[in-house]
1. Going by average Cβ neighbours within 10 Å, how do the peptides 97-106, 13-22, 75-84 rank, with the highest at the top?
2. Efficiency by 1/(1 + (r/R0)^6): what FRET value for Leu59 and Asp196, r their Cβ-Cβ distance, R0 = 41 Å, to the nearest 0.05?
3. Could you work out the helix-only [θ] at 222 nm for the chain, with each DSSP H run of four or more residues adding -39,500 (n - 2.57) and the total divided by the number of residues, to the nearest 500 deg cm²/dmol?
4. Can you tally the net charge around Gly64? Count Lys and Arg as +1, Asp and Glu as -1, for every other residue whose Cβ sits under 14 Å from the Cβ of Gly64.
5. What order do you get for 2-8, 45-51, 245-251 when each peptide is scored by the mean count of other beta carbon atoms within 10 Å, highest first?
6. Considering only Gly172, Ala51, Val15, whose Cα is most displaced toward the positive end of the charge dipole of the chain, charges sitting on Cβ of Lys, Arg (+1) and Asp, Glu (-1)?
7. Does region 143-237 classify as rounded, prolate or oblate by the C-alpha gyration tensor (a ≥ b ≥ c root eigenvalues; a/c under 1.5 gives rounded; else a/b over b/c gives prolate, otherwise oblate)?
8. According to a simple spin-label model (label point 7 Å from Cα along Cα-to-Cβ), what is the distance in nm between Leu221 and Lys79?
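Read-outs throughout are calculated quantities, based only on the coordinates presented, and are distinct from any laboratory measurement. The structure presented is a predicted model; accordingly, all values stated were derived computationally and were not measured. Here the Cβ positions follow ideal geometry from the backbone for every residue, glycine too, while neighbour counts run over all protein chains shown.
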Amino acid sequence: MCIGVFDSGVGGLSVWREIIKVLPGTSVTYFSDGAYCPYGNRSQKEIIDRAYLITDFLLSKGAGIIVVACNTATAAAIKALREKYRIPFIGMEPAVKPAALHSKSGTIGVLATRGTLNGNHFHASVERFASDVNVVAKVGEGLVELVESGETSGSKVKELLKSYINPMLEQGADHIVLGCTHYPFLLESIKEVAGDSVVIVDPAPAIALRTLNVIRENNILVSEMVAKDGYPTTFYTTASTGALMMMARRIDSEIPEQNFKKIEI
Ligand code: DGL
């Protein structure tokens, strides 16, 4: 048995990084849908269709639980996935709750894709947890593509980030929620643009803990998930393995090349 993790691309690696911290040695199958990335401007139907195919693939690899490590896919497809399959699915939560709770200025920023910001999930979270704060939400147009190409710093990244973050700062935001799993790879640049006094909220550690708890609650035997031999995560991508390998090795430089595989589904 393994934990399945998927994203439109390399972004979900920011969640994978946290999962392997709380569940070291556990077998993981990571799936990057690079050939269909970005998901941000795709229709809900397209994303659900991809999510079904990916889930079938992860099940064929023995997934006992699936982490939808993509805010956009969570917004579009998690309900459909939970209706169709019997295994537990963990989705990304836009972390407006902790940001709203801890904000002193009463203004928070949210940076996410169009799909996420237009989705019910986001609106429900804002209504439920952030109705008494000013929420400045911006679509991070172009950022996913930069991360996919490995460009996570430099002037192009900073200029783009400024155009989204400055309006948040102008309204007094003291917290910025990263509502897309690709954005933690831009953390250093985001911090430079936002300044030291702004708290950047990445939900990935909370999602990893939630994964651990759901595994326990559902009596999924972690011992059965411990990889027997070799490197415990295998990485699949519908695009070329190069980009995925480069980003994954920024997290762990020891991942063997044979653990990256191209697949067409
Ligand atoms: N990592 C995905 C997310 O969290 C990126 C979406 C996209 O491909 O546009 O939303």
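1. On the way: 97-106: 16.5, 13-22: 21.5, 75-84: 19.0.
For the peptides 97-106, 13-22, 75-84, the packing ranking is 13-22, 75-84, 97-106.
2. Numbers: r = 45 Å, r/R0 = 1.10.
Once the sixth-power term is evaluated, E becomes 0.35.
3. Numbers: 12 runs with 122 residues, N = 265.
-13500 deg cm²/dmol, from helical runs alone.
4. +1
5. Details: 2-8: 27.1, 45-51: 18.4, 245-251: 16.1.
Put in order of decreasing packing, that is 2-8, 45-51, 245-251.
6. Ala51
7. Details: a/c = 3.73, a/b = 1.85, b/c = 2.01.
Verdict is oblate for region 143-237.
8. Taking the simple label geometry, Lys79 and Leu221 are separated by 3.7 nm.
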